[in-house]
Amino acid sequence: MKDPVPDGSAATDLVAFAVQLRRMNGEINRLVHAFAAGHELHATDVQALGAILDAQEPMTPGRLRAHLGLTSGAVTACLDRLERAGHIRRSRESQDRRVVHLHYEASARAAARAFFQPLAVATESARGRFSAEELAVVLRFLTALNEELAE
């Protein structure tokens, strides 16, 4: 059952935002857990994959540890699982051979794309209900919210 679209001041009510963000988070978590189970991974492993994929600079185990809030040992175990499953590879590409870069493997990208296709379809369907101007505002809001949460 779809919720009615709030109008007036209800559209900007903090409680309405909280409810919808929780619902979206729950749906995404459900998908993440299903993907993790289907690939013999932990949900945290899937979060790590997302962080590696979305990183704006080469991801390292240290940056991943800080991003996920895990211990060094937990990150090592996570990376070991991801590497064994063929989702990532580690490389030493800099002059400093101690620095390890993490790379998302193309085959893993294809597996994730196939699994998460229903999410892409749902996203495109929802986007179709809004004008380009409205979508620009939504994207600006989500970007600002993510920046605030990262702080």
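The values are calculated or read from the model by the stated rules, or taken from the named source; none is laboratory data. Quick caveat, the model's predicted, so the values are computed rather than measured. Positions of Cβ are generated from backbone atoms using ideal geometry, with glycine treated the same way; all protein chains shown enter the neighbour counts.
GLU93 falls short on exactly one of the conditions (1) loosely packed, with under 11 Cβ neighbours inside 10 Å; (2) over 17 Å from the mean Cα position of the chain (by Cα), and that condition is (1). Among residues that are under 28 Å from ASN146 (Cα atoms), assigned to a helix (DSSP H, G or I) and in contact (Cβ under 8 Å) with a residue 60 or more places away in the chain, LEU49 is included. Scanning region 66-77 turns up at least one residue that is under 26 Å from VAL138 (Cα atoms) and touching a Cys at 6+ places or on another chain (Cβ under 9 Å). Inspect all residues belonging to region 2-13 and state whether any of them is out of contact with any helix residue (DSSP H, G or I) (no Cβ under 8 Å at 6 or more places or on another chain), modelled with pLDDT of 90 or more and surrounded by 12 or more Cβ atoms within 10 Å (Cβ to Cβ). Taking every residue of region 2-13 in turn, none turns out to be out of contact with any helix residue (DSSP H, G or I) (no Cβ under 8 Å at 6 or more places or on another chain), modelled with pLDDT of 90 or more and surrounded by 12 or more Cβ atoms within 10 Å (Cβ to Cβ).
Of all residues in region 63-77, those satisfying the criterion of being under 16 Å from the mean Cα position of the chain (by Cα) and within 16 Å of ALA43 (Cα to Cα) are LEU64, ARG65, HIS67, LEU68, GLY69. Of the candidates VAL121, VAL99, the single residue that is surrounded by 14 or more Cβ atoms within 10 Å (Cβ to Cβ) and either modelled with pLDDT of 90 or more or assigned to a loop (DSSP other than H, G, I, E, B) (or both) is VAL99. Restricting the first member to region 126-151 and to residues that are without any contact (Cβ under 8 Å) to a residue 40 or more places away in the chain and on the phi < 0 side of the Ramachandran plot, and the second to residues that are surrounded by 10 or more Cβ atoms within 10 Å (Cβ to Cβ) and not in a helix (DSSP H, G or I), the beta-carbon pairs closer than 8 Å and six or more apart or on different chains are VAL138/PHE130.
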